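Novice: If you scroll down you'll find the structure; I have some questions about it.
The values are calculated or read from the model by the stated rules, or taken from the named source; none is laboratory data. Note that this is a predicted model, so its numbers are computed, not measured. No Cβ is skipped: glycine too gets one built from the backbone with ideal geometry, and neighbour counts run over all protein chains shown.
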Amino acid sequence: MDELNRIEELRKQLHEYNYKYYVLNQPTISDQEFDFLMHELIDLESRHPEFADPNSPSNRVGSDLNQEFIHVKHKYPMLSLANTYNEQDVADFYNSVKRGLKGEDFDICCEMKYDGLSISLTYINGKLVRGVTRGDGVNGDDVTANVKTIRCIPLVLHGQEYPSEFEIRGEILLPWNEFERLNRQREASEEPLFANPRNAASGTLKSQNSKLVANRHLDSYLYYLLGDNLPCDGHYENLMEAQRWGFKISKGMKKVKTLQEIYDFIEYWDSERKNLPVATDGIVLKVNSIRQQNALGYTAKSPRWAIAYKYKAERACTPLQEVTFQVGRTGAITPVANMQAVQLAGTTVKRATLNNEDFIRSFDLHIGDYVYVEKGGEIIPKIVGVDVTKRSFDAKPIDFITHCPECGSELIRIDGESAHYCPNDSGCPPQIKGRIEHFISRKAMNIDSLGPETVDEYYRRGLIKNFADLYDIHVQDINGFDGKKEKSAVKIVKGIADSKNVPFERLVYALGIRFVGETSAKLLARHFKNIDSLANASMEDLQQIAGVGEVMAGSVIGYFHNPVNMEIVNRLRSYGLKMQLSGEQVDTSSNILSGKSIVISGVFKYHSRDEYKQIIESNGGKNVGSISGKTSFILAGDNMGPSKLEKAGRLGVDIVSEDEFLKMI
Ligand code: IVH
């Protein structure tokens, strides 16, 4: 293949992987493989400047800019580090530093490479003034309100010895134990699990709701001090000072001189890092003296004075014995690889998800294939490749099933979606049970006297076929089931009866309408106020609501047009469940903002932006995007952007705080 073709192929692949990683949060190859492809591309591009393309994936390091936050330009761009994977690369780095410093003596600071998301904190006169994400390296999101909830980040510094203005950079992480707690919670409420703590930390830090952020207990380690008046020339010494000002700095930092000491550090932490409370994926080597760092300088993307050494994700190779297919609550089919059991990173692995048909095709998987399984920062192992050289000549490719393994219905695949679905939602057991389990879950009706096993038992015994049947259960129906005493039967029936008081918005979520999550259910409930208006809403009515798109609107319509669902809804009504917002919630609407054009700006404490938009509309006002002479006022959360502030001042537009606004309505 000629080199231009290869460049184009690599660009296409990397764009796709990048999208899967950054947009879908569903990486399909390991970071290491991604980096190898990227290296190959950068190498080819540097040898062929005539094929340069401003949109090549090599020109960006991935952006995590979020539209909802105010974008801030970094004073010093946030560069990334060149990655290396073996001793030879480390030796090359060491020798190039040596050459660059023309024989001068130098120290290398070795430290952990944290696997979270980077943050830049600015302190002026000892106070935290701003926290900005990396974004695209040049501009980041101002997430100060969220950063302030992270307990280990000092808001006010200790002592007096710090420079009057400086920046400190580091990593925001969700500790392993918090990650597991969060995923357990999500499992219970049937929300999709986070694949690893990095995704969870990133989702958390970019939330518009800083209260939620505070509850997630993020952690942070700081590893880089920048500014004009730093106390020392040494990076290590500066961080030791920063530690005295109250920062939690990178653990286990060590200053060394020789290559052998670097190798020893790498080897020591390869196993020791497993005892750290947060995820790490390598180590970072930095020339210690800032004067020497400046002398070595930067390439376009990374410093010449530092590199990252990445530990290999633990990987195993094992035969794929069988593919089974699971049916979820919504009817989505998930293929699962059943492999010969193999030890990986301290646990036995025998199952891994194969996601969907395209995933299987992308590896051209055959039964009996030796597959590579990795468990990097992930809890759930994933298949990252196949050793085709070990495939036997008569191996059979995997056929995706055409019919539901549970109820035999023919599967459908909706255009543009990757999943297959079983359409038999009213007759397919895992879908029926899944919907009942969703209905009773904590964030829905919260019937904690029931659990998945009880639902399964009642379903098997023919006592329940849908969640409306729950309200028809009497103590005598279940007394003595599985040897349970009357007391427990009474408790179960009481738990079900108590759920009749659950607010309308949670009932909307509990119905399990496809694509209607907890937040969307709230939006729908608050907008339509009662079940009849919601059930009769048109596509246009639904899409009017900010946050409701075509897919969700179509799904809501489909749900209420199904007579089976309407019968269930009507039965729930007859049992006395809440079919409208409570008086208090309805009363929040008024005409108090009638004729007012309101701009929303900044980060809020009590409600999300979408919720404020709803509140403005339900009180007769209009939410507009940009400030003009006609703007009535700005509803301002924390960290409103300086240009907006200036414009408001110039045009004489009032600024109303979140608390003032809530009092007003
Ligand atoms: S120093 C100019 N030190 O790795 C050098 N980075 O690819 C600035 N990281 O974006 C970074 N641990 O998010 C540095 N001890 C450490 C680190 C570290 C993790 C991350 C950081 C950066 C990426 C570099």
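Novice: Among the candidates S392, S362, single out the residue that is of a type in the set (S, T, Y) and in contact (Cβ under 8 Å) with a residue 60 or more places away in the chain.
Specialist: Step by step, each of S392, S362 is checked, and only S362 is of a type in the set (S, T, Y) and in contact (Cβ under 8 Å) with a residue 60 or more places away in the chain.
Novice: Please state which of the following conditions P423 fails to meet, knowing it meets all the rest: (1) touching a residue at least 60 places away in the same chain (Cβ under 8 Å); (2) closer than 14 Å to N466 by Cβ.
Specialist: All conditions are met except number (2).
Novice: While we're here: Filter the stretch 601-621 down to the residues that are of a type in the set (V, I, T) and part of a helix (DSSP H, G or I), then identify the one that is modelled with the lowest pLDDT.
Specialist: Ranking the candidates gives I615 first.
Novice: Further question: Any idea which of (1) near the ligand (Cβ under 10 Å from one of its atoms); (2) at pLDDT 90 or above is the one V61 doesn't satisfy?
Specialist: Going through (1) near the ligand (Cβ under 10 Å from one of its atoms); (2) at pLDDT 90 or above one by one, V61 breaks only (2).
Novice: Considering each of A553, A546, A497, A535 in turn, give the residue that is more than 23 Å from P429 (Cβ to Cβ), among the small types (G, A, S) and in contact (Cβ under 8 Å) with a residue 60 or more places away in the chain.
Specialist: A546
Novice: Taking Y123 and the conditions (1) within 13 Å of the ligand (Cβ to nearest atom); (2) assigned to a strand (DSSP E or B); (3) more than 16 Å from the chain's Cα centre (by Cα), which numbered condition does it fall short on, given that it satisfies the others?
Specialist: (1)
Novice: Looking only at the stretch 126-163, which residues are part of a loop (DSSP other than H, G, I, E, B), more than 16 Å from the ligand (Cβ to nearest atom) and aliphatic (A, V, I, L, M)?
Specialist: Scanning the stretch 126-163 gives L155, L157.
Novice: Would you mind telling me which numbered condition in (1) surrounded by fewer than 19 Cβ atoms within 10 Å (Cβ to Cβ); (2) in contact with a strand residue (DSSP E or B) (Cβ under 9 Å, 6 or more places away or on another chain); (3) within 30 Å of T353 (Cβ to Cβ) P197 fails?
Specialist: Here P197 meets the rest and fails (1).
Novice: Taking D456, is it in contact (Cβ under 8 Å) with a residue 60 or more places away in the chain and in contact with a helix residue (DSSP H, G or I) (Cβ under 7 Å, 6 or more places away or on another chain)? Please lay out each step first, then the result.
Specialist: Details: in contact (Cβ under 8 Å) with a residue 60 or more places away in the chain: no; in contact with a helix residue (DSSP H, G or I) (Cβ under 7 Å, 6 or more places away or on another chain): yes.
No.
Novice: How many of the residues in the stretch 164-178 are within 15 Å of the ligand (Cβ to nearest atom) and outside any strand (DSSP E or B)?
Specialist: 1
Novice: Please determine whether any residue of the stretch 76-85 is within 16 Å of the ligand (Cβ to nearest atom), exposed (fewer than 14 other Cβ atoms within 10 Å of the Cβ) and over 26 Å from the mean Cα position of the chain (by Cα).
Specialist: yes
Novice: Can L128 be described as under 17 Å from L226 (Cα atoms) and either over 26 Å from the mean Cα position of the chain (by Cα) or of a type in the set (A, V, I, L, M, F, W, C) (or both)? I'd like the intermediate steps shown before the answer.
Specialist: On the way: under 17 Å from L226 (Cα atoms): yes; either over 26 Å from the mean Cα position of the chain (by Cα) or of a type in the set (A, V, I, L, M, F, W, C) (or both): yes.
For L128, the condition - under 17 Å from L226 (Cα atoms) and either over 26 Å from the mean Cα position of the chain (by Cα) or of a type in the set (A, V, I, L, M, F, W, C) (or both) - is met.
Novice: Separate question: Taking the stretch 610-633, which residues are within 20 Å of S210 (Cα to Cα) and in contact with a helix residue (DSSP H, G or I) (Cβ under 7 Å, 6 or more places away or on another chain)?
Specialist: Listed by number, the residues that qualify are D610, Q614.
Novice: Among the residues of the stretch 365-389, how many are over 30 Å from P423 (Cα atoms), in contact (Cβ under 8 Å) with a residue 60 or more places away in the chain and among the aliphatic types (A, V, I, L, M)?
Specialist: 2
Novice: Then there's this: Tell me which helices (runs of 4 or more DSSP H) are completely within the stretch 481-548 and hold 1 or more residues being basic (K, R), at pLDDT below 95 and over 32 Å from the mean Cα position of the chain (by Cα), or say none if there are none.
Specialist: Qualifying helices (runs of 4 or more DSSP H): 486-498.
Novice: Further question: Does any residue of the stretch 236-256 turn out to be touching a residue at least 40 places away in the same chain (Cβ under 8 Å), away from the ligand (no atom under 16 Å from the Cβ) and closer than 30 Å to E453 by Cβ?
Specialist: Checked the stretch 236-256: no residue is touching a residue at least 40 places away in the same chain (Cβ under 8 Å), away from the ligand (no atom under 16 Å from the Cβ) and closer than 30 Å to E453 by Cβ.
Novice: So which residues in the stretch 90-115 are within 15 Å of the ligand (Cβ to nearest atom) and at pLDDT below 95, if there are any at all?
Specialist: Answer for the stretch 90-115, where residues must be within 15 Å of the ligand (Cβ to nearest atom) and at pLDDT below 95: just D115.
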